[in-house]
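Asker: Here it is: the structure, laid out below.
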């Protein structure tokens, strides 16, 4: 094989140069109508897509505004219900704390009485009695 001839790689055809002397082919007679119809169809699809996006945005905006308005109507009821629950829980917690305080004072009083720490000569609260117990133990 001579060095001036190159082989095309397998599976590919060699590239042919286009002669500039040939006249360009003119489109067939019906081609401009087909082209115009394709452009118009593409434009119609584009406009339909824009219309869809606008309608979706409008529907989303209206839905959002409706939900905000509904939330504004429901907010006072929800706040009132939450405040009722908080008051009930606070009342219940206060009652339980008072019950626990009374119970612990009674049990501590019983324990101190069992240990022989007296309550005379003055009425003593729990802290005085614990002080007396500490003195008695030391």
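Since every read-out is calculated from the coordinates, none of them should be taken as a lab result. Nothing here was measured: the structure is a model prediction, and the numbers come from that model. As a convention, Cβ positions derive from the backbone with ideal geometry for all residues, glycine included, and neighbour counts pool all protein chains shown.
Asker: Find how much the distance from residue 79 to residue 101 grows on full extension, using 0.36 nm per residue of separation minus their present alpha carbon separation; answer in nm with one decimal.
Answerer: Roughly 4.7 nm would be gained on extension.
Asker: Residue 44 to residue 68: FRET efficiency via 1/(1 + (r/R0)^6), r the Cβ-Cβ distance, R0 35 Å, to the nearest 0.05?
Answerer: It comes to 0.45.
Asker: Here's another thing I want to ask about it. Report the gain in length on full extension from residue 34 to residue 88: 0.36 nm times residue separation, minus Cα-Cα distance, nm rounded to one decimal.
Answerer: The span from residue 34 to residue 88 would gain 11.7 nm if fully extended.
Asker: So, how do all the Cα-to-Cα distances of the range 37-137 break down into 10 Å bins, in percent, from 0 on up?
Answerer: Percent of Cα pairs in each bin: 12, 17, 11, 11, 10, 9, 9, 8, 6, 5, 3, 0.
Asker: Another question, if that's okay. Find how much the distance from residue 127 to residue 115 grows on full extension, using 0.36 nm per residue of separation minus their present alpha carbon separation; answer in nm with one decimal.
Answerer: Between residue 127 and residue 115, full extension yields an extra 2.8 nm.
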